[in-house]
1. Restricting to region A:386-402, name every residue that is of a type in the set (D, E, K, R) and surrounded by fewer than 23 Cβ atoms within 10 Å (Cβ to Cβ).
2. Given (1) within 20 Å of B:Ile394 (Cβ to Cβ); (2) more than 14 Å from chain A (Cβ to nearest Cβ); (3) out of contact with any Asp or Glu (no Cβ under 7 Å at 6 or more places or on another chain); (4) part of a loop (DSSP other than H, G, I, E, B), where does B:Ile353 come up short, assuming only one miss?
3. Given the conditions (1) buried (at least 19 other Cβ atoms within 10 Å of the Cβ); (2) modelled with pLDDT under 95; (3) not small (Gly, Ala, Ser), report the number of the one that A:Glu136 does not fulfil.
4. For region B:293-311, how many residues meet the condition of being away from every other protein chain (no Cβ under 12 Å) and either buried (at least 24 other Cβ atoms within 10 Å of the Cβ) or basic (Lys, Arg) (or both)?
5. Considering only residues that are within 8 Å of chain B (Cβ to nearest Cβ) and not polar (S, T, N, Q), look in region A:394-413 and name the one that is nearest to the chain's Cα centre (by Cα).
6. Whether any residue in region A:334-355 is within 14 Å of chain B (Cβ to nearest Cβ) and in a loop (DSSP other than H, G, I, E, B) is what I want to check.
7. With (1) surrounded by fewer than 18 Cβ atoms within 10 Å (Cβ to Cβ); (2) closer than 30 Å to A:Gln384 by Cβ as the list, and B:Met391 as the residue in question, which single condition is left unmet?
8. Condition test on B:Gly327, is it farther than 15 Å from B:Gly409 by Cα and in contact with a helix residue (DSSP H, G or I) (Cβ under 7 Å, 6 or more places away or on another chain)?
Amino acid sequence: MASPHEAIKENSMILQKEMLGNLFKELANTKFSEKKVVYTFVPGNLTELILSFDMLPVYPEINALQSGMRKKSVEYIREAEKIGFSEDVCTYVKCDIGMMLKGNIGPTGESIPPPDLLLLSYTGCFTFMKWFENLEQLYPGVPIAMLHTPYQEDGFISQEQVNYMKKQLIEDVIPKMEMVSGKKFDINRLAEMMHKSAIAEDLLVNILETAKHKPSPIDAYFAGVYYIGPIFTAFRGTQEAVDYYKTLYEEVNERLRLGLGPITPEGELKKEKFRLVVEGPPNWTNFREFWKIFYDMGAVIVASSYTKVGGVYDLGFRHDPSQPLESLGKYCMGCYTNMNLPQRVDLLSKYVKEYSADGFLINSIKSCNSFSAGQLMIMREIEQKCGVPVGFIESDLVDPRYFSYANIKNRLESYFQMLDQRKMIIEQELVNHV
Amino acid sequence: MNNYYLGVDLGSTTSKAVIINDQDQVIGRGITNTRANYSIAAEIAKDEAVYNARFSILKNNLGDKTLDSELYKNFIKDLESVFQYQQFKIRLDRLGDELVKTCNSYFKDTQTQELMMNHLRSIRRTFKPVIKHEYLFNNLGSKNQFFRDIVAEKYNEEVSKLESSLFEPLMTIWDKSISPAENQLVKFDFKELVHRALDELKIKYSGSIKTTTEDDAQSFDESTFVQYNQLIESLRSVIDEVSELEFHINNMTGTGYGRALLPFPEECIRSEILCHAFGAHAVFPDTRTVLDIGGQDTKAIQVDKFGLVTSFQMNDRCAAGCGRYLGYIADEMSISLNELGPMALQSQKDVTICSTCTVFAGAELRELTNLGEKKEDILGGLHKAIILRAMSLIARSGGVFNEFTFTGGVARNPAIVKYLTQLIYENYGKDIIINIHSDSIFMGALGGAMFARRNLISKIPDNKMEVAISDGN
């Protein structure tokens, strides 16, 4: 790992790790700093608004996935099942509830403070509502703000929907935040942060779009989940996020300039063999093993829907400082899982075409309704529209009991062999036609 | 020199091998039960395929004679069967050695050892001639064809005739001996065995062995015996020629669940999904949808005009509804696996089996029996339940287009075929062509062999070459 570009790469990783570490430290320190804590979710999050009140956000699903990666989730899930959560309930929920029952020690080993406000800003996932109902019981008396987010049923966001969101922000969310934080809402400060959000968002889009090149300098799924970390969580709207994305973009650009492939946990991928578009969240408990199956076969994920859960920025949306509340409303309604199924098919087909993908693969997670409902239809549509081989595997978010390595490997091997054969046949056909 | 290509499909229940020639024609098939030692299973399947190929070449060399003459046809059938008995006999001796070894190490006092040894001897004395007779007169029929099953059935039969106190020690000796015996790689000399088989047949055709049925006796009058004996003498040189034929396997492909454990180079390993699809498509070129029900998984596969897979769906998390499910049900009902389908065909009434969990299905079966439902009707329901599960996978994979081909060991079950046909017609229309080949269980191995023929670029390392192409000569 001594070559200079890999060292540079590590810089952005180190930077990100530091940012997250500091956040957890800051959270652990709230009893002294007296900063207020808001529990909220990644899709449709109102990070700038929370930060503009000098409050700190906590994202339970991020804690769950971090616990999954650190092999702690199994114990938390068991704890939640002990008090009656069924085997079929979303494992993020069980991991989070279990963690709270075990003393709310966060993934970095520092304790996470209880919430001062439960902010549900995205209702597209029904489980989120039930999750917060449970949190309400765990933390009785904590104020709750709920933003009812209309689904993009007609395939677009209407002005009425934007007005409805803005109304809820003004009448419910902002007053509750003022009450909890003891601070007055400052729209100028919010707008200033949104200006920074937009800069970071531009950079993220540029970074993700480098995968259109052959070979792709990035893996837009496995590495992509690291890239989206800061912007989808507590840092959007901060200078730190802008700096992080600048550093990352420089690194990726350098790789692009040198014609290098993505960095995997075992070093640079030397030969890009397959380019894939992936739909669905990854598995976190066996993340490295899962990734390894792909990079061992030379498969690079060039685009994924999961890296759009916190915003489909490549379709053009940016936080807009000139219309802060409207754009927050649009943002909440614009996240990937709030798009209707034809929109998702269009987006994914666009990815297959624009990123010159060889195949389309779904990692389906049964307990995640937001993603898995409609996946088979999506798969068939993509197959017909784009004519690429499609694959389907099943795993889970953070429950290691549902990650069957042998089965997943068997299916993926078959899938890669399918792609391989197709490539051979297409090449032969091309030769025959020349 | 002829070029041959080998495909080995190491499934969870059975291991299959297919040898094809330059024209993609199947010239040899071999099958055995998969055991703990995967490479042994693959070797045995491959050896069987090579022996089978020699017999095919023999038939081919004899040309029209085997097609037209009953005499030739029967003789070749007899020869293959008695040849199999010769292999069986050697394996039985190996098993005998293991049983003696286990008996001596398991029982500490010499008196018990002696007692058990006497029982073992008498068991062997009783069943060996019975089995020999079955091979000689082709009476093994549709029963299980694997060594383990044939011997286990007879051994159990004999043990059950003895005092009940002997059951446990004798079964313990059996359990401890069968696997080591089965996992030995026995290399047979084809020529030697085929000559021994000819000698056995000469005795059979001399009429000195009593037949079990009147039909057999009638078909063997004196003049027939003379004809057969003359045939043996006239064919010795042709048989020798085939026995000495050098068998050159140009390339091979390993597939199936155990493929990663095969002593094949990496580039010769291919997914069974692709192989089943390719095999099915090769036999029925208009196939666009393939259903494969194997021992532990069900695959619904869509293929294109080249036989290449475009998408597939497999059972996940649960293997209920696969071949092993039927095996479990057969055990629960104390009948053989091969009897299940024909019995289910006699079903007169729709009995719904709600659960397709293998273990729960056992409970449901007992409950329904309790309620007075007939065995045949319950079995009908169970078979239908399997197909309903498969239908859901087919739908998930995209449905049925053009021709539909059913592969895998379960395709041999007539009741499964009945329900599948019924449901395919109901769901996808009567004009769908449904193909089920008599070699359906070999489709994966066939696809593998066909890939091997098309993929000559991959080099086979020398050390592995030997393992792969030695055919026992």
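1. A:Glu394, A:Arg401
2. Failed condition: (3).
3. Looking at each condition in turn, A:Glu136 falls short on (1).
4. 3
5. Looking at residues that are within 8 Å of chain B (Cβ to nearest Cβ) and not polar (S, T, N, Q), I get A:Glu394.
6. Looking for residues that are within 14 Å of chain B (Cβ to nearest Cβ) and in a loop (DSSP other than H, G, I, E, B), one finds none in region A:334-355, hence no.
7. If we test B:Met391 against (1) surrounded by fewer than 18 Cβ atoms within 10 Å (Cβ to Cβ); (2) closer than 30 Å to A:Gln384 by Cβ, just (1) comes out false.
8. It is false that B:Gly327 is farther than 15 Å from B:Gly409 by Cα and in contact with a helix residue (DSSP H, G or I) (Cβ under 7 Å, 6 or more places away or on another chain).
The values are calculated or read from the model by the stated rules, or taken from the named source; none is laboratory data. Note that the structure is a prediction, hence the values are computed from the model and not measured. Every residue, glycine among them, receives a Cβ derived from its backbone with ideal geometry; neighbour counts consider all protein chains shown.
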